[in-house]
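Notes to accompany the following structure.
The values are calculated or read from the model by the stated rules, or taken from the named source; none is laboratory data. Since the model is a prediction, treat every value here as computed from it, not as a measurement. Using ideal geometry, Cβ is built from the backbone for each residue, glycine included, and neighbour counts are taken over all protein chains shown. To get the accessible areas, we keep the full protein, side chains included, count just its heavy atoms, and leave off ligands, DNA and RNA. Shrake-Rupley method; radii C 1.70, N 1.55, O 1.52, S 1.80 Å.
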Amino acid sequence: MNLRELALLTGAMARLARDSARIDDLHIIAEIISRRRYAALLDAALREDSPLLRERPEIDHESVDFEALRALPADSLGGAYVRHLERHGLELYLDPTSTRVIRDPDVGYLIHRYRQVHDIWHVLLDLGVAGHEEVLLHAFVLGQLGLPNSALIVSLGGIKHLVLEGRWDALRRGLISAYRMGKRASPLLLVRWEDHWAEPLDAVRARYGVAPLITA
């Protein structure tokens, strides 16, 4: 980490201390502290010759027919996904990864793809977007991808949203279950979810070894 990146990191952390909803600053922190892990994930993807890296699909309004997703049953992957977005008032993640920290375009795309499919992972685990649910999602991500920024979110967010909010079942059972499931599940980052929109959600979960999490 050079001085410029250290300044970016400390500035982002200071702003987040005042306002934890600053997504851009969360992304700066993630890119700085997790870039080596993303580079390792890229190496693994290249060894597998993943078509995802060649084709670089996007989950955006040009590539995905959201009207068609709305017509799918609520218990299909695509139907559940679009309802999740609308229920929680979520927008698609469209911004390319900033080149302030990430210079390798393949690493940049992998980060971008993770951010685009983040809400699909929410659906697979039957998680909403409340603070404690984000902590559980990142416990799963920590097991699945080993991202340092997920470890940070689990540590600090766990205190705020699980301990201080008294979510004891989620703390005692949900957190470790999420991590263990992430470790056991099939690799998810390189899955082309667009090919599975019409499939029953339970069938997709079974294929990749995931299940709804304890959130109480």
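For the range 48-79, give me the residue count where each residue is among the basic types (Lys, Arg) and assigned to a helix (DSSP H, G or I). Selection size over the range 48-79: 2.
Is the range 142-150 home to any residue that is in contact (Cβ under 8 Å) with a residue 60 or more places away in the chain and open to solvent by 20 Å² or more (accessible area, probe 1.4 Å)? Checking the range 142-150: at least one residue is in contact (Cβ under 8 Å) with a residue 60 or more places away in the chain and open to solvent by 20 Å² or more (accessible area, probe 1.4 Å). Checked against (1) buried (at least 18 other Cβ atoms within 10 Å of the Cβ); (2) free of Cβ contacts under 8 Å to residues at least 12 places away in the same chain, Ser155 passes all but condition (1).
Residues in the range 166-204 that are closer than 19 Å to Phe140 by Cβ and of a type in the set (Asp, Glu): Asp169, Asp202.
Of the candidates His88, His84, the single residue that is in contact with a His (Cβ under 8 Å, 6 or more places away or on another chain) and modelled with pLDDT of 95 or more is His84. For the range 182-216, a tally of residues being open to solvent by less than 20 Å² (accessible area, probe 1.4 Å) and outside any loop (DSSP other than H, G, I, E, B) returns 4.
Looking at Asp19, Asp43 in this structure, which one is more than 16 Å from the chain's Cα centre (by Cα), within 22 Å of Gly146 (Cβ to Cβ) and either surrounded by fewer than 11 Cβ atoms within 10 Å (Cβ to Cβ) or at pLDDT 85 or above (or both)? None of the other options fit; the residue is Asp43. On the given criteria, is Ala170 under 30 Å from Ala44 (Cα atoms) and part of a helix (DSSP H, G or I)? So Ala170 does not fit the description; no. Selection within the range 77-129: residues that are over 15 Å from Pro57 (Cα atoms) and of a type in the set (Lys, Arg). The member of this set that is surrounded by the most Cβ atoms within 10 Å (Cβ to Cβ) is Arg83.
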